[in-house]
Structures are given as structure tokens and as C-alpha cells.
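Working notes for the structure below.
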Amino acid sequence: MKNLKIEFKWAVIFMIMMLLWMLIEKLAGLHDENIVKHAIYTNLVAIPAVAVYVLALLDKKNNFYDGNMSYMQGFKTGLIITVIVTIVSPLTQYITSTFITPDYFSNVTEFAVKEGKMTKEEALNFFNLKSYIMQGLIGAVVMGIITSAIVAYFIRSKN
């Protein structure tokens, strides 16, 4: 467990960053009056998400591997963070949907139907806590693996 202290720390930081991002989206009106812009701006979360992985791998490289980390060591570190983030993603989604933006699902359902993007039944099936938890689990794994692979390449020691 001591060997994974850095990974746990950065997984918690990632979770906090995601909750803050959701709060910022909510305060910016992207979950209600500016919902039309949500699909554009929500993707910007990739910037702080990648930054967290970069800082995490640099932390592991400098404070665990004494500044000399291979690609596989970096990739493994990223994967461990990804596993932890994936495990806690249902909790993060629950906190977001229950406390930060409890009206999001009804707002986005209404918006999707009004814009003719989905039927009411399709929207209700897509925009709900269970669906978003599943999407979050899949997204955390896929994006975590891709981010870990790319960041580990740039952070590795070049001997």
C-alpha cells in the first residue's frame, strides 16, 4: 500500500477536480439556461484531466523512482490511478447528480426532446443516473488507458 500512496493521492485529486469541474459547469449555467452550449464546453475537462495525470506521473517519477522512470513504470502508475478513478466514478457521479446538479437529467432530457435529437423515451433512457454511471465507468477506463499511455511516453526518462 505504501508503494501506491502517490497513485491514491492523485486519484483523490482527480475526483476532486471532476467534482469542481461539474460545479463550474453548473455555475456557468451549462446544466440549465446555457445547456445548448454544454456539449461544447464539457469536453474542455480533458485539459485538467490530462494535467492531473502529468502531475501524477511526474510526482511518481521524482518522488518514488528518484527521477528515473521507464515507460512501463509510468504506464503502470497511470493504470493504477485509472483503476482507482474508475472504482470511485459511481460515487463521483452520484455526488454530482444528487448534490451539485440535481436538475441536470430533467433539463437535458427536456432539451434533447425540444431540439428533436431524441424521443422522450430515448432521452429518459439515456439521461439518468444509472446510464451516466455506466458511461462514467467505460469512459474512465478508456480515457484513463489512453491518457496513461500518452503521458507515460512523454514523462519517461530518456536514457
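Nothing in this text is a laboratory measurement; each read-out follows from the coordinates by a stated rule. The structure displayed is predicted, hence computed values, not measured ones. Every residue, glycine as well, gets a Cβ built from its backbone with ideal geometry; the counts of neighbours run over all protein chains shown.
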> Name the residues in the range 20-43 that are part of a loop (DSSP other than H, G, I, E, B) and closer than 18 Å to residue 112 by Cα, would you?
Replying inline: 29, 30, 31, 32, 33, 34
> Within the bounds of the range 44-59, is there any residue that is under 14 Å from the mean Cα position of the chain (by Cα) and under 19 Å from residue 112 (Cβ atoms)?
Replying inline: no
>> Just to be sure before I move on: is residue 16 surrounded by 14 or more Cβ atoms within 10 Å (Cβ to Cβ) and among the hydrophobic types (A, V, I, L, M, F, W, C) in the structure I sent?
In response: no
>> Considering only the range 22-40, I want to know if a residue exists there that is of a type in the set (A, V, I, L, M), within 30 Å of residue 158 (Cα to Cα), touching a helix residue (DSSP H, G or I) at 6+ places or on another chain (Cβ under 7 Å) and crowded, with 16+ Cβ neighbours inside 10 Å.
In response: no
